[in-house]
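This is the structure I have questions about; it appears just below.
The values are calculated or read from the model by the stated rules, or taken from the named source; none is laboratory data. Nothing here was measured: the structure is a model prediction, and the numbers come from that model. Cβ atoms come from the backbone with ideal geometry, glycine included; neighbour counts cover every protein chain shown. Only protein heavy atoms, including side chains, enter the accessible area calculation; ligands, DNA and RNA are left aside. Shrake-Rupley method; radii C 1.70, N 1.55, O 1.52, S 1.80 Å.
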Amino acid sequence: MSLLVPPEHAAILKKWLELPSEEAEKFSSALAKAKPHFNAEELARAIVPHCDLAPELVIGIVQVLISVYRTGEPEKPFETFLDRDAKPSLTRAKVFSDGKEEEEWVRLRKFLLRTLLLEGTVGATAKAGPILTEHERVYESVRVMTDFRPIFHVDVSDQPDAGLIIHMLKITHRDKYQRKFDAYYALDSNDVAKMKGVLDRALEKENALRKTMEKAGLTVLDVKSYY
């Protein structure tokens, strides 16, 4: 099955091919020196100060690289993937200028190979989101609705003398097909206190793991945004 290059990615690659060599080189160097991030946008924003390109273009280029990496990674080596699959798709998407296809492909291929082989930066960023969400159920959002439930007498027309406060916990999760599902849990104040304690303990364990990983020289990615 042939690859389909999204129009927005084709437009970004066209702009990259129009860049002067020194600007393209500065971008590649900045990307090579960057640390991995949780997603393409965070990685792009980290290298914006170190190159002369507009932030929107930097974000677009990094998004294209992450997309190409995810598409081609199972088909390594990348050289084969680029020549066999990527080039024909780029040609169909009219990325190259008339009469300059081979010349521009040589330049683009060199850039793609150089950047796609940055396993510690592009590779780690491309894999971070999928690794985080490779589960049957992925947390999406939470909401708590708190209300008072009166206890009625046998004669329900009598004014209640007591009641209970109930916290209704609504958790929304999604599956790998991006379908969303809701689950509801009734909690009392003891349940809320226990849950808070469990979550506080989870954060303490995360901090301990971070320190251990950092001492071992590993970068712990901060999940600041959605995937």
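Grab the other residues whose beta carbon is less than 15 angstrom from that of GLY129, score K and R as +1, D and E as -1, and report the net.
-1
HN-Hα J couplings of region 83-89 from phi, Karplus 6.51/-1.76/1.60, θ = phi - 60°, integer Hz, Gly and Pro as x?
Karplus-based 3J(HN,Hα) across region 83-89 equals 6, 7, 10, 5, 4, x, 5 Hz.
Could I ask something else about it? Of the heavy-atom accessible surface of region 80-123 (probe 1.4 angstrom), what whole percent is carbon and sulfur?
Answer for region 80-123: carbon and sulfur cover 54 percent of the accessible area.
Out of SER141, LEU90, ILE59, whose Cα points farthest toward the positive end of the dipole of the chain (charges: +1 Lys, Arg; -1 Asp, Glu; placed on Cβ)?
Among SER141, LEU90, ILE59, the one farthest towards the positive end of the dipole of the chain is LEU90.
Which whole number of Å³ per residue matches the convex hull of the alpha-carbon atoms in region 169-227?
106 Å³
For a Förster distance of 45 Å, can you work out the FRET efficiency between the beta-carbons of TYR184 and LYS110, rounded to the nearest 0.05?
That pair, TYR184 with LYS110, gives E of 0.25.
Report the dimensions of the chain along its three principal axes from the alpha-carbon atoms, largest first, rounded to Å.
Sorted largest first, the three principal extents are 90, 42, 32 Å.
Something else: What base-10 log of the normalised intensity I(q)/I(0) is obtained for region 38-141 from the Debye formula, alpha carbons as equal point scatterers, at q = 0.18 Å⁻¹?
-0.97
Check cross-link reach from LYS100 to the lysines: straight Cα distance under 28 Å, and skip same-chain residues fewer than eight apart.
Within reach: LYS14, LYS15, LYS26, LYS76, LYS87, LYS110.
Continuing with this model, one more query. Using a cut-off of 11 Å between beta-carbons, work out the net charge of the residues near TRP16 (Lys and Arg +1, Asp and Glu -1, TRP16 not included).
0
Now for a different question. Want the number for GLU140 to LYS211: 0.36 nm per residue separation, take away the alpha-carbon distance, what's left?
Length gained between GLU140 and LYS211: 22.8 nm.
Ranked highest first by the average count of other Cβ atoms within 10 Å around their residues, in what order do 3-13, 194-204, 71-81 fall?
Answer by packing, highest mean first, reads 3-13, 71-81, 194-204.
Out of the total accessible area of region 183-227 (probe 1.4 Å, heavy atoms of protein only), what percent is carbon and sulfur?
C and S atoms contribute 58 percent here.
Set the Förster radius R0 to 35 Å, insert the Cβ-Cβ distance between GLU8 and ILE131 as r into 1/(1 + (r/R0)^6), and round the FRET efficiency to 0.05.
In this case the efficiency is close to 0.85.
Further, regarding this structure: In the neighborhood of ARG92, defined by Cβ-to-Cβ distances under 13 Å, what is the net charge if each Lys or Arg adds +1 and each Asp or Glu adds -1?
In short, 0.
What lysines could a cross-link reach from LYS170, if we take a straight Cα to Cα line under 23 Å and drop same-chain neighbours fewer than 8 places away?
Reachable lysines: LYS180, LYS194, LYS196, LYS224.
Calculate the dipole size of the chain relative to its Cα centre from +1 charges on Lys and Arg beta carbons and -1 charges on Asp and Glu beta carbons; express the result in debye to the nearest 20.
With only Lys, Arg, Asp and Glu charged at Cβ, the dipole is about 520 debye.
Run a plain Debye calculation on region 1-94 (Cα atoms as equal point scatterers, no solvent) and give log10 I(q)/I(0) at q = 0.15, 0.25 Å⁻¹, rounded to two decimals, same order as the q list.
Taking Cα atoms of region 1-94 as identical point scatterers yields -0.62, -1.36.
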